[in-house]
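One structure is given below, encoded as structure tokens.
The values are calculated or read from the model by the stated rules, or taken from the named source; none is laboratory data. What you see is a predicted model; the values in this text were computed from it and never measured. Positions of Cβ are backbone-derived with ideal geometry, glycine not excepted, and every protein chain shown enters the neighbour counts. Calculation scope for accessible area: heavy atoms of the full protein, side chains included, ligands and nucleic acids excluded. Shrake-Rupley method; radii C 1.70, N 1.55, O 1.52, S 1.80 Å.
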Amino acid sequence: MKLNSTKPLPYDNSNNQIYNNPFITTSTRNDDEINNPPNKRSKFCTSTTTTSLASLFNKQNRHKLRRRINSISTNLSYYKFPKQDEFNFNSQPNFASSSTRSSTPSSNSNSDLESLPDLTDDDELTPENTPIKKLPTINFQYLELPTLKPPKFQLHKPRQREISSKISIFEVPEILHKIISFVDEQNSNLPTESTPIRRKPLNYNHAMLIHGDAEIAQRATEEIQEQLQPVYSNPLFNCLLVNKLFFKITSDIISKKFYFSNEENLVKFINYQGPKTTSFQPKIFILHKLFQTRQYLFDKCIHYISFKQLEWFELYMCPKLFPSIEIFKQAGSNLKKLIITGSKTIDDNFLISISLHCKNIEVLDLRACEYISDFSIYQISKHLKNLKIINFGRKNKGHLISDASIIKLINCCKGLNTIGLAGCNVTDKTVFEIAIKLPDIERLSLNNCPRLTDHCLSIFTNPNTIHCFLKLKVLEFRYNSQLDNLQHLIEFKKRQEYKNKIYLLIELCEDLMAKYRAQEQELDNIISMKIFNDIMVYINDDNDGDSNYIDLLNR
Amino acid sequence: MEEENYEQNNQVALKIGLIGDSQIGKTSLMVKYVEGSFDEDYIQTLGVNFMDKKIQIRNTIITFSIWDLGGQKEFINMLPLVSNDAVAILFMFDLTRKSTLNSIKEWYRQVRGFNKTAIPFLVGTKYDHFIDLSFQDQIEITQQAKKFGNAMKAPIIFCSTSHSINVQKIFKIILSKAFDLKLNLDEIINVGEPILIFK
């Protein structure tokens, strides 16, 4: 028996398409592989010699065939595995017997049958006369030319061969890319701060003031912010192990996002990474709550990472890490989102140099970065014109941020829609500037701004600023106990709801909320009195349009 | 019912449901009140009719949302649509057909299943035909209506849509009841007259 395993089987239909796919190649087999039982498939998948499921199926077929030839009665027609040629992608020329399945254009004209080795002379049971020939022919499908090309994988044009294939979608890189991207979307859980619908009430009384219903208030106070559980079993990692094509595409997708929320894992990664491991070119770079992580780990970790495509850089509560300017030089104008919160390392110089390199930043969240001051905010307003969201909220050193820089920023970035100035030293002037300069403002946080006075509240209902704050949805005034006249807020909320159909969310702390409710009640009473007076006039007006029944009776 | 303050205008919205047997003039009353017109032709209500009437009084705009349920039994499944959230429900009957008054009992029971707070009103229609009945019949119907009204704790109003008798007054009484305001209007209690009992 001289059946060479690499030769095409005689029952192979000649109407096969050779589709040049750089990721799927038929492998060169040796007898060892053939003798491997099919239950070792998974091992094959990851091995370098076998690169596609198709060749695996083939191997099984061959294995069976061999048994058949050795007079073991197995009905091969039972097996419906795809045949080799259906998956015979243009392969390396150094085939075990390249003459049989030549991929050179010169042999294209030869039909598969013509290029078959002559096996008839030495064995009676040649593939030619085995019952295999009677296999039902397969219904052929023409493979549509892919129209969309993914960025990284290029398909060669299929050769002009007769097409017969049932190519699985898992072998078309474009489709596979979409599938794995979907897996990524579904399962990759970026460790980011979740946005609450509204802030959690400070205590039960506060909740009662907000909701006015004991049961809802109870629930609101008990509600625990959902903790983001790190996901350890991301199916993406399994995708890496399927075959070469899967590996290539999956690693490409994985390398787009770089995130850690656990120092242990980060250390593992650093120990494994090297020039040969997957090179990360992340669009997203997130380190989440690595409170104790040291700078040297960070330096090691970014050593092999290229930041050329970086769009989103986040160091959430990693107080000891200082991201080098080099990162932002590389990212350049790609960077859209910069979130560094609770950092004890970054300062004015850092922020200014970033603004020189990354001019397209839209989201700038520097909460609790206490070394950032007016100086840098004033400077960056010259460069960052596309800012949409800013947050300089802080607990300490609020005096470092004042009207001087914020007003300048407001005047430079007309597209701002979210402003967080909790704990800053801003005054009513800033609120006024926001009102008249930022038509798109949607969310405004002024928690714990001790220099605000009642005047800033009157801006919301002032007839001169009636065209301002048209899109405002969230307004925060917690811990501003110096404010008294909340009637303006009540009126503004009603106006927003009635005129602009926006249900404004006003966040207040407990004492302000109590004031708010009392004043709301007062206002309601006044309005009700007015309404009742009006209705009294109406219902007691004798001239109501009804006829006098006496006329009818006297008819 | 909601109250809004917007640019000096206070808004009040009230939902009113009209309930009762078929062909007693629920739709007619609604159209008469909202549009001021009356049409002799009968058009059966299929399901539910709905109309809005806005009244501006100084700085207050009152909006009556009037929902009118077809009298046929097959529309009973739409009753929640009409009765839910209604401030007042007008239980209507035809002053010339005693059977329609007797059905009120069942209608009342049904409505109360959906809305326990709405203020009930007992409204007799076609007063202009009613005065042509024999005095004996008028006494009987009036007394029966008073009995029902007392049992339901509902104001009793006889009205004529075609002759504009007590149409506006129905809605004024609704306002006075809904906001608990004093109404300086004389009651009419004598048999043969368009009854107006609301105190």
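Overview of results
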quantity	calculated
Test: residue in segment A:491-502 that is over 30 Å from B:Ser37 (Cα atoms), surrounded by 19 or more Cβ atoms within 10 Å (Cβ to Cβ) and more than 13 Å from chain B (Cβ to nearest Cβ)	no
Strands (runs of 3 or more DSSP E) contained entirely in segment B:1-83, each with at least 3 residues that are over 20 Å from B:Thr96 (Cβ atoms), out of contact with any Lys or Arg (no Cβ under 6 Å at 6 or more places or on another chain) and open to solvent by less than 30 Å² (accessible area, probe 1.4 Å)	B:9-20, B:60-69
Which numbered condition B:Asn166 fails, given (1) within 14 Å of B:Phe121 (Cβ to Cβ); (2) out of contact with any Lys or Arg (no Cβ under 8 Å at 6 or more places or on another chain); (3) more than 13 Å from chain A (Cβ to nearest Cβ)	(3)
Which numbered condition B:Asn115 misses (of (1) more than 14 Å from chain A (Cβ to nearest Cβ); (2) surrounded by fewer than 15 Cβ atoms within 10 Å (Cβ to Cβ); (3) touching a Ser or Thr at 6+ places or on another chain (Cβ under 8 Å))	(2)
So B:Ser160, is it closer than 26 Å to B:Thr60 by Cα, of a type in the set (S, T, N, Q) and facing chain A (nearest Cβ under 9 Å)	no
Residue match in segment A:402-412 (condition: touching a strand residue (DSSP E or B) at 6+ places or on another chain (Cβ under 9 Å) and open to solvent by 30 Å² or more (accessible area, probe 1.4 Å))	no
Residue within segment B:176-188 that is open to solvent by less than 60 Å² (accessible area, probe 1.4 Å), in contact with a Cys (Cβ under 8 Å, 6 or more places away or on another chain) and touching a residue at least 40 places away in the same chain (Cβ under 8 Å) present	no
Extreme residue, farthest from the chain's Cα centre (by Cα), among residues of segment B:175-197 that are more than 7 Å from every other protein chain (Cβ to nearest Cβ) and closer than 16 Å to B:Val87 by Cα	B:Asp180
Where a residue in segment A:337-358 is part of a loop (DSSP other than H, G, I, E, B) and its partner, wherever it lies, is of a type in the set (Gly, Ala, Ser), with Cβ under 7 Å and at least six apart	A:Gly342/A:Ala368; A:Cys358/A:Ala331; A:Cys358/A:Gly332; A:Cys358/A:Ser333
Any hit, segment A:445-457, residues being within 36 Å of the chain's Cα centre (by Cα), part of a helix (DSSP H, G or I) and without any contact (Cβ under 8 Å) to a residue 60 or more places away in the chain	no
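Per-residue answers, yes or no, for (1) within 7 Å of chain B (Cβ to nearest Cβ); (2) part of a helix (DSSP H, G or I); (3) of a type outside the set (Gly, Ala, Ser):
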| site | (1), (2), (3) |
| --- | --- |
| A:Leu512 | no, yes, yes |
| A:Ile527 | yes, yes, yes |
| A:Lys530 | yes, yes, yes |
| A:Asp534 | yes, yes, yes |
| A:Tyr538 | yes, yes, yes |
| A:Asn543 | no, no, yes |
| A:Leu552 | yes, yes, yes |
